[in-house]
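Everything below concerns the one structure shown next.
The values are calculated or read from the model by the stated rules, or taken from the named source; none is laboratory data. In this text the structure is predicted, and so the values were computed from the model without any measurement. Because the Cβ atoms are built from the backbone with ideal geometry, glycine has one as well, and the counts that use them run over all protein chains shown. Remember, those area values only see protein heavy atoms, side chains included, never the ligands or the DNA or RNA. Shrake-Rupley method; radii C 1.70, N 1.55, O 1.52, S 1.80 Å.
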Amino acid sequence: MSSPSNQGTLNLRLLTVEGKPISDSNGHLEIITLQPNLKEKVIFSKPVTFPLDPISLPAFPQIKETFCRVTTTRFREADTKFFKVLDSEVTDLPVKLLRKPDQWQPDFPPFDELPSGFDRLKEVLERSPELKVRNGEGLALFVGPKYDQISQSSDERTRSAKLGLLNLYTKMSNLLEPAENKVNWFSFVDEILEIAQSRMIALVRPEMGQKVLDISQDFDKFDDYKPTPSENHFGNMPVRFGVEKGEMFSVKTRDRKGNLQLTFGPGRSNGKDVLVLDADIDESGTLLAHLLDVLRHRITHQQTHPFDVHEFIANELHEAAQPNNNIPLGYNLV
């Protein structure tokens, strides 16, 4: 019988939120163990390139509470969960890293080349002749060449609005209404009026509002949702529909579902009742705090960037084992 080597091997695998190995970023790796007084002791520190080679470390119990601190050029700094290596064994440690928004650009496929999962969005855009960017330009029918000309080189507000539309569509079309779990939330949207980097104002079928009212009457049954104030969204309701603040209502998904808020305002248009939807994804920056199984990601900005929302939703799709067709949100990050 061979004597113990007192060494183990760490196989640290750095992945994108889509589960793909990271290979286009250089960085620095520290391996840190906690002392009995909880002070950190760095036992490994050096520049690295990706993918990483396996790393030999002292085996447990020589080092106990141990984690890695990963810094890269294109991804956010992160600390892994605690791990331990055992004598003569390999510890496999897959870690997903979040992209740094300022290191990436969106790559939009042409409107006519969006995959079949975007057919419903294309139908609604064909019925949205008054679409505009919130506090920005009018887009009219945002289809075909008009859609295609909004690219990575476009005005930032307009480009962010296009990203926000695609993020919200993907989120809402992958989230079934919880009462019957048969149709997704976006299936109720009839016409889109305004888009912004994390918000969409639309006209929706009244059944959507009724389903949300049913949720609000029994949050114990629909525990993926929680109550949230609606009146602070009153300013998002287009004035022409005559929405009254006291008639608005709203629900919000809990953190594990991505902080999607659905706010409704009953109104009138051309003598007919309409229901206005303000759909938005949380901009508070708390979204990423619930994203991945890591101890810490360094968040340096106050508002959630559209690429941060991309990371959340792409991770959800990967965890749900849904095929992404390489453009899970209607765009790639390059």
Taking the residues in the stretch 144-172 that are of a type in the set (A, V, I, L, M, F, W, C), within 19 Å of P101 (Cα to Cα) and assigned to a helix (DSSP H, G or I) as candidates, determine which candidate is nearest to the chain's Cα centre (by Cα).
-> L168
When residues of the stretch 204-229 are filtered for being buried (at least 18 other Cβ atoms within 10 Å of the Cβ) and either of a type in the set (K, R) or within 24 Å of the chain's Cα centre (by Cα) (or both), how many remain?
-> 7
Residues within the stretch 250-276 that are open to solvent by less than 20 Å² (accessible area, probe 1.4 Å) and under 23 Å from the mean Cα position of the chain (by Cα), tallied = 10
Note on V48: of the conditions (1) out of contact with any Gly (no Cβ under 8 Å at 6 or more places or on another chain); (2) open to solvent by less than 40 Å² (accessible area, probe 1.4 Å), unmet is (1)
Subset of the stretch 32-61, residues in contact (Cβ under 8 Å) with a residue 12 or more places away in the chain, touching a Leu at 6+ places or on another chain (Cβ under 9 Å), more than 14 Å from R13 (Cα to Cα) and not in a loop (DSSP other than H, G, I, E, B), comes to I43, F44, S45, K46, P47, S56, L57
Sort out which residues of the stretch 237-249 are part of a helix (DSSP H, G or I) and crowded, with 16+ Cβ neighbours inside 10 Å, and write them in order of number.
-> F241
Single condition T91 does not satisfy, out of (1) closer than 30 Å to N11 by Cβ; (2) assigned to a loop (DSSP other than H, G, I, E, B); (3) at pLDDT 95 or above | (2)
Look at the stretch 64-76 and say how many of its residues are open to solvent by 20 Å² or more (accessible area, probe 1.4 Å), in contact with a strand residue (DSSP E or B) (Cβ under 6 Å, 6 or more places away or on another chain) and assigned to a loop (DSSP other than H, G, I, E, B).
-> 2
Go through the stretch 178-187 residue by residue and tally those that are surrounded by fewer than 23 Cβ atoms within 10 Å (Cβ to Cβ) and either assigned to a helix (DSSP H, G or I) or under 19 Å from the mean Cα position of the chain (by Cα) (or both).
-> 3
Restricting attention to the stretch 205-236, report how many residues are touching a helix residue (DSSP H, G or I) at 6+ places or on another chain (Cβ under 9 Å) and not in a helix (DSSP H, G or I).
-> 7
Given the conditions (1) under 24 Å from the mean Cα position of the chain (by Cα); (2) surrounded by 18 or more Cβ atoms within 10 Å (Cβ to Cβ); (3) closer than 25 Å to K132 by Cβ, every one holds for N232 apart from (2)
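I'm trying to understand the selection: among the residues of the stretch 119-167, which are of a type in the set (A, V, I, L, M) and open to solvent by 30 Å² or more (accessible area, probe 1.4 Å)?
Initial filter on the stretch 119-167 (of a type in the set (A, V, I, L, M)): 121, 124-125, 131, 133, 139-141, 143, 150, 161, 163, 165-166.
Matches in the stretch 119-167: A140, L141.
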